[in-house]
Amino acid sequence: PAMAEVSESAAQVLYSAEGDAKFEFDPKTMRRTKPGFKRFTLSVSVLLSFILGLPFLLKSVEIYRSPLPFGEIDELSAAVELSPLHFPCNFRAVFIGFGGFTSNPEELSAVIQSELTASDSTSCGACDYSSTVSVTLVSGSGCSHSAYIPNWKCESLNELIRNQESGKLDDESFDEQLHLLDYRECRKCQAFYTVFVIRREEEEGKVRSVIGKYRHAWILGEVSAEEAVKKVAEIFVKGFVNGWKEEAPIGGEFMPVGADGRTVLSFSLLNADPHDWIYDWDFQRIEEDILMPVVEALKPLADIKIESQVVLYHTPKSSLSQWDDKLRSYTFTKNDLPFFVNSNEWHLDTSIEAGGRSKILHFVVYVPSAAECPLLFRLPNEEVSSTNGFISPMWGGVVVWNPSRCLNETRTGPHFNQKIPSEDIRKIFEVFLAQFRQLFGLKSSHNHLLDQSESLELLTDRRGFTQWEMDVLSRQHTCFNLHQSVTTLGSLSRLVQSLPRMIIKDEIGKQVKYSLEAAKQALSNASDGFYHDSSSVASSRKARSLSEDAFYHPSMVSVSYFSFEHCFAVYSPFFLPVSLHVILAALKEW
């Protein structure tokens, strides 16, 4: 049979009749020695090139992470969160006209101290009552005291008391003179809260308590020593510490200050039906006379911006009012308040500065239409509200203003371009100021009848907030800001540690660092008793703002949050097959 032959360099392939292939090596071309290290060296060189390129590959897919002080964050969290943050407060009681006192000042100080300790509050921002209370007994012969008081101050104090008893000084002047007396003694000392108990006969045997604009209060009346001690402790705790709040201190989530420390006050004048009348206002004058002093007073707590919308038309309310024959007016009640604000028709726009994490509070003057005018707010006790307004927590306040024309029985044609009288607009903004105080958790009014034989009066300040009220707000806001900053930094720390491939830029690291420094500074100032100045609350604001900026940094929402397993799954189809062949070739050559 015919044979087919294929000749190669090293072997010949012969096919038999049955189709089987048989190999025969050519003895002339066949290699008779084992392979050397040439091919092995080439295979290992390729393998080494892959191994040497591995660090460059890992470097190319590396995620940059700025180092964060996780240990310092944990230490600060433990210092703030484990125990309520209490501030040292300095109290001073002055008893005048108590000639029959059998106790010395040290014993009275211990009794008042026990009263304060019994009413100790565990809320954040309260006072630490562990510090002693200084007591002074003032008589015509001089001063007996548990803490040193200069002779000139004792003489000046006696003279002030005599002028106050003779009627030469009213409450406002007496408060100013007491403030000047303390200011003359020490201008940069820690704040002292002082209560003067002046024993004397009052009309109808009443006891009158007055809290001034600064850090003084005085009790006038025929009171016994035991009653005087209890009243002094009550003013210390309920007044100077808690701000005369009937309930527990307001929660932090209801603080009308944004996470960035900013608050925008937006004032709007709404005309329900412009076919009846259109009213305007002189907002610039009101802003200069009433609002700017408030902004300056609250500057340590918040950066407040004021905006106004002069006129909005066609802004009816959502709820329906009912006619009251007895009042001869339309009324709306407490049940109508959730539906009064018409979010679909009330386009209360704000500027670009009001965006972000700033808190926006709306204050609205609502002018009703002629079809439901006059419109009055009826309280749950069936009485008519003296302010004719209401507040909405976390939103703002509304005041209903009834034009004088709507009280007439006869209707005339529409009047355009009318201005709200200056006297009415001033009353409206005084109501807004009271509503703003309520949003901060303070009382809106300043005169209170405790019972038939006792009255309490709180002197007002043209800025809207007295000095001791600013102390209360400073303590609460400092405590709340510290808790918020620590909570945010703790969440950021846990998030970063749980995602090893999260991008952490240097800017975030700096924000965390500065936030920790500001929080420690605020905590140190508060612990030393210097919370009454602007440094403590300003540092806490800075700490909270920086922590929020770090947590909500735009780079924190990057798409590079994939794990190492995901990275391996992406690159292994490219490199694993080739690497496997190179490794097997090196092993084969070995």
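The values are calculated or read from the model by the stated rules, or taken from the named source; none is laboratory data. Treat the numbers as computed from the prediction; the structure is a model and nothing was measured. Glycine gets a Cβ as well: all are built from the backbone with ideal geometry, and neighbour counts include every protein chain shown. Protein only, heavy atoms only, side chains kept; ligands, DNA and RNA dropped before computing areas. Shrake-Rupley method; radii C 1.70, N 1.55, O 1.52, S 1.80 Å.
Neighbours of GLU227, meaning other residues whose beta-carbon lies under 11 angstrom from its beta-carbon, give a summed charge of -1 when Lys and Arg score +1 and Asp and Glu score -1.
Counting heavy atoms of the protein chains alone, LYS520 has an accessible area of about 90 Å² for a 1.4 Å probe. Rolling a 1.4 Å probe across all protein chains gives PHE50 an accessible area of roughly 70 Å². Applying 1/(1 + (r/R0)^6) with r as the Cβ-Cβ distance of LEU52 and SER535 and R0 = 56 angstrom yields a FRET efficiency of 0.45.
Residue order by solvent-accessible surface for MET394, MET470 is MET394, MET470, largest first, with ligands and nucleic acids left out and a 1.4 Å probe. Each of LYS230, LYS513 has its accessible area taken with a 1.4 Å probe; listed largest first, they run LYS230, LYS513.
Solvent-accessible area of SER321, all protein chains in place: 30 Å² (probe radius 1.4 Å, heavy atoms, ligands and nucleic acids excluded). Sorting GLU307, GLU176 by accessible area puts them as GLU176, GLU307; the probe is 1.4 Å, largest comes first, and only protein heavy atoms count.
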